[in-house]
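Notes follow once the structure below has been shown.
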Amino acid sequence: MPPKTKTKLGANNWIAIVLLAFSGQIAWVIENAWFNTYVNDVISPNPKVISLMVAFSAITATLTTLVMGTFSDRLGKRKKIILFSYILWGISTMVFPLAGAVKSLSLAVFAVIALDCLMTFFGSTANDASFNAWLTNITDETNRGTVSGVTELFPLLAMVVTTIISGMLIEYVGYTMFFVSMGLTVVVCGLVGGLIMKEAPIPKENTEKVGFWKQVFSGFSVRTFRENKMLFALYFCVLVFAIAEQISGPYQIIYFTKTLGYSYDVIGVNLGLMVLLAGICGVFFGRLVDRLGKSKLLLVALIISAVGFVLVSLARNMVFLCVAIFVMAFGMVAKLIVTGAWIKDLTPPASAGQFQGIRMIFWVLLPMVIGPFIGERIITFFGQPIVVDGKAGFLPTHLIFIASAIVTLIAILPVLNMIRGAKRAYAEALPKQ
């Protein structure tokens, strides 16, 4: 069969995709990395505080996406939700440092968890529940790999921007200016992108007689699982490698700056360039996804990712560390590109918002509860004890990256099972002689 003509999205939608994906990933990088360094530097160096904050944030993100995604499906419009939620997302990022003004340690811990959950609520409403569902509705199988390759560049680009800016701002003027400047970026990009984006047509299902909450939880029925076996198998693969990333992810900047001893500005410049290079390579990788197939490239991405984790654990000088970060970052973006496009292929279009919430259970909730806890246990048992301003804690150990590599390799197993299942289905579909 001749290849299908690639569907065009239009200039307005492409600009909106760039602005919303970039600003959204800036906010998520801040929440996943720099909120943690702020807690370590200002609140307490005890890794338990970070693992607790990450867990509550994950629960908030999942419940928010499940409810608000279903709401956007039923509403039939996502543009207004995206516009207003992005603005509030940026504002909630700016106010996070208020937790540092609380003198009591227990109240300060409560404050950072509460403010993190507030920021996560707006972020999940804007990005996970609405923007990702909008992307599913405006793309198809002819362009999803390309779009995924572009959008998955932004987690790395956002990491570059926040890391470099943090090196300049945190070192010289403190965390508050850093969070305010990044929050303003989210507000402006969300405002412009939300105004110019085109509303996506959402296929209608017969849900008028179905109650809202019944529809919210209908995605967990046995029938839904049977009708979407391949999608849930892919979710399980995502669950495993996302746990691997969360074992080391929340602690890696602390590891680079506190364990290895590099300053924020040195880490920002050197690692930022490597992460950006990995992201650029990811754009070309995304174009391969549309041509070569997703299952084989996912296996390649998982292996590269595991190798990257091992290299980071071995790195002790900046040159080696930059190479290791490049490999690890490219493995991460390659996984996201393949699974992001594949999930969109398998997601029922009329329930795209609802399925974003189901996806979050495997992509965020379970990984961000399980992964940081494993990392915290490893750090507590094998990390170097420290005392900062009279508060006891531990320095992260390189073993968290070894653990991430091992768990990443385990994610290969469900992919192999999916490949075997696809072959069996193909063989059964062939006419019998």
Pairs needed: first member in segment 51-69, outside any helix (DSSP H, G or I); second member anywhere, surrounded by 24 or more Cβ atoms within 10 Å (Cβ to Cβ); C-beta distance under 6 Å; at least 6 residues apart or different chains. none
Lys77 versus (1) in contact with a Lys or Arg (Cβ under 7 Å, 6 or more places away or on another chain); (2) not in a helix (DSSP H, G or I): which is the lone unmet condition? (1)
Please indicate, with yes or no, whether at least one residue in segment 260-271 is surrounded by fewer than 20 Cβ atoms within 10 Å (Cβ to Cβ), in contact (Cβ under 8 Å) with a residue 12 or more places away in the chain and in contact with a Leu (Cβ under 6 Å, 6 or more places away or on another chain). no
Any chance you could count how many residues in segment 164-198 are outside any helix (DSSP H, G or I), surrounded by fewer than 21 Cβ atoms within 10 Å (Cβ to Cβ) and either among the aliphatic types (A, V, I, L, M) or at pLDDT 85 or above (or both)? 2
Output the number of the condition that Ala133 fails; it satisfies all remaining conditions of (1) of a type in the set (Gly, Ala, Ser); (2) in contact (Cβ under 8 Å) with a residue 40 or more places away in the chain; (3) surrounded by fewer than 24 Cβ atoms within 10 Å (Cβ to Cβ). (3)
Single match in Ala315, Ala334, Ala341 (criterion: modelled with pLDDT under 95, farther than 19 Å from Asn137 by Cα and surrounded by 24 or more Cβ atoms within 10 Å (Cβ to Cβ)): Ala334
Of all residues in segment 136-186, count the ones that are over 23 Å from Thr339 (Cβ atoms) and either touching a residue at least 24 places away in the same chain (Cβ under 8 Å) or under 19 Å from the mean Cα position of the chain (by Cα) (or both). 20
Condition (residue is surrounded by 24 or more Cβ atoms within 10 Å (Cβ to Cβ), part of a helix (DSSP H, G or I), modelled with pLDDT of 90 or more and aromatic (Phe, Trp, Tyr)) applied to segment 88-95: is it met by at least one residue? yes
Which numbered condition trips up Ser85, out of (1) surrounded by fewer than 22 Cβ atoms within 10 Å (Cβ to Cβ); (2) of a type in the set (S, T, N, Q); (3) modelled with pLDDT of 90 or more? (1)
Within segment 268-277, identify whether any single residue is over 20 Å from the mean Cα position of the chain (by Cα) and not in a helix (DSSP H, G or I), and answer yes or no. no
Which residue out of Ala129, Ala111 is touching a Ser or Thr at 6+ places or on another chain (Cβ under 6 Å) and small (Gly, Ala, Ser)? Ala129
Testing Thr224 on (1) within 20 Å of Leu416 (Cα to Cα); (2) modelled with pLDDT under 85; (3) surrounded by fewer than 22 Cβ atoms within 10 Å (Cβ to Cβ), one condition comes back false. Which one is that? (1)
Out of Val310, Val300, Val323, sole residue that is modelled with pLDDT of 85 or more, in contact with a helix residue (DSSP H, G or I) (Cβ under 8 Å, 6 or more places away or on another chain) and either under 19 Å from Trp342 (Cβ atoms) or among the hydroxyl-bearing types (Ser, Thr, Tyr) (or both): Val300
Go through segment 365-394 and give me each residue that's over 22 Å from the mean Cα position of the chain (by Cα), buried (at least 19 other Cβ atoms within 10 Å of the Cβ) and modelled with pLDDT under 90. Gly383, Gly393, Phe394
Per the filter on segment 102-143, residues part of a helix (DSSP H, G or I) and β-branched (Val, Ile, Thr) are Val109, Val112, Ile113, Thr120, Thr125, Thr136, Ile138
Being of a type outside the set (Phe, Trp, Tyr), in contact (Cβ under 8 Å) with a residue 40 or more places away in the chain, surrounded by 20 or more Cβ atoms within 10 Å (Cβ to Cβ) and out of contact with any strand residue (DSSP E or B) (no Cβ under 6 Å at 6 or more places or on another chain) is the requirement here; does Val18 meet it? no
Being surrounded by fewer than 22 Cβ atoms within 10 Å (Cβ to Cβ) and either within 21 Å of the chain's Cα centre (by Cα) or not in a helix (DSSP H, G or I) (or both) is true for just one of Leu288, Leu299, Leu321. Which residue is that? Leu299
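The values are calculated or read from the model by the stated rules, or taken from the named source; none is laboratory data. Since this is a predicted model, take the numbers as computed values, not measurements. Quick reminder, even Gly has a Cβ in these numbers, built from the backbone with ideal geometry, and neighbours come from all protein chains shown.
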